[in-house]
1. Sorting check: for 239-245, 325-331, which peptide has the highest mean count of neighbouring beta carbons within 10 Å, and how do the rest follow?
2. Among 255, 120, what is the fewest-to-most ranking by other Cβ atoms within 10 Å?
3. Sorting 316, 205, 29 on the 10 Å Cβ count, fewest up front, what's the list?
4. Would you work out if the stretch 1-72 is rounded, prolate or oblate? Take a ≥ b ≥ c from the square roots of the eigenvalues of the alpha-carbon gyration tensor; rounded if a/c is under 1.5, else prolate when a/b is larger than b/c, oblate otherwise.
5. Over the stretch 169-282, what relative contact order in percent results from Cα pairs under 8 Å that are six or more residues apart?
6. For residue 42 and residue 68, what does the FRET efficiency come to when R0 = 41 Å and r is the distance between their Cβ atoms, rounded to the nearest 0.05?
7. Could you give the C-alpha radius of gyration of the stretch 99-241 expressed as a fraction of 2.2 N^0.38 Å, taking N as the number of residues it contains?
8. Just round it to a whole percent: the fraction of Cα-Cα distances in the stretch 78-174 exceeding 21 Å.
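The numbers here are math on the coordinates, done by the rules we state, and not lab data. Keep in mind it's a predicted model, so treat the numbers as computed, not measured. Glycine also receives a Cβ, built like all others from the backbone with ideal geometry; neighbour counts cover every protein chain displayed.
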Ligand SMILES: [Zn+2]
């Protein structure tokens, strides 16, 4: 399976200039190829093939006066840039045909010098990690790397990224064997809450990371400062960089915290079930701030990635599943309750419930039932991760459902790309 490993890198002033030039060339090549394809479409011609495009916008272009400077940079990142355009087109067509799930993908757009994030990809021929720990990039030089953790194997490619706060990162793709963890018989349901970050079906609670609120205050202050600076002034540019820096810091801190939580959950449980909250839908409403803070979609993604790597199971219960309406003790459906209702007594069996804990228990039961009902038996080894489990049928008594005999599902692995 392919995993990404990212490190901060520190190019010298000269290397930054060389990188900037290469960013520019890769962008021009991308835009030229995009223009050629658009042109072909307009004239009713078939799409030019990738190899032909490459000849046209790289090899032949270098020989012209107006594109001669393309020869001053490595050819590898230019070709990768064309591959990115191919991918962008493929994603668009797959999205149109319905082959690709999720948010609709639009047609590729022209890249601009002003884009906040610049990136370059080098493949095996274009880079090398030297024995002194420096990263050699073709036609750029030996760049200093902060190795925050070791690379587990020889990387197959590296992407150099310049973020809006002016930091450079090298993101390596490494092909690794999965590290199956010893099997456990614990399974857990997680209800992502708003007063706490999450409630677990075993009664555990993950508290909200308050430090993010503090960081957010710093971000607001920086943004206020930015809004006071005159447009086009040097001070405005400076203030904008500061905002980007605080942003990056908040994102780093949040990701670090999410990594810790998800590693712990994966280490302690064989299977983890979550509710498929429509984060994008929620994000638009008044809960936007909390949802944003909580980073729910990242939480889920990290769990899924780690489950694939360590041979654990992550099941997602459909969001229409009424986790807060059912009594987890007797299965009685009590109807919807406003968010303010934190505790309630079941109208049928009288058990007193904490709203979030009850929901977490229901999510656990629904996830387990769903794995049992999955096509082809309880868990077929070829089924990677049940991304979207179906809701338990109405009237099913949760208590009567047998617990799933846990075995490590052959999680196919999510390519982290
Ligand atoms: Zn009940």
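1. The packing order, highest mean first, is 325-331, 239-245.
2. Result, fewest neighbours first: 255, 120.
3. Going from least to most buried by this count: 205, 316, 29.
4. oblate
5. This gives 33 percent for the stretch 169-282.
6. E(calc), rounded to 0.05, equals 0.90.
7. The reported ratio for this selection is 1.52.
8. The proportion of pairs with Cα distances above 21 Å equals 47 percent.
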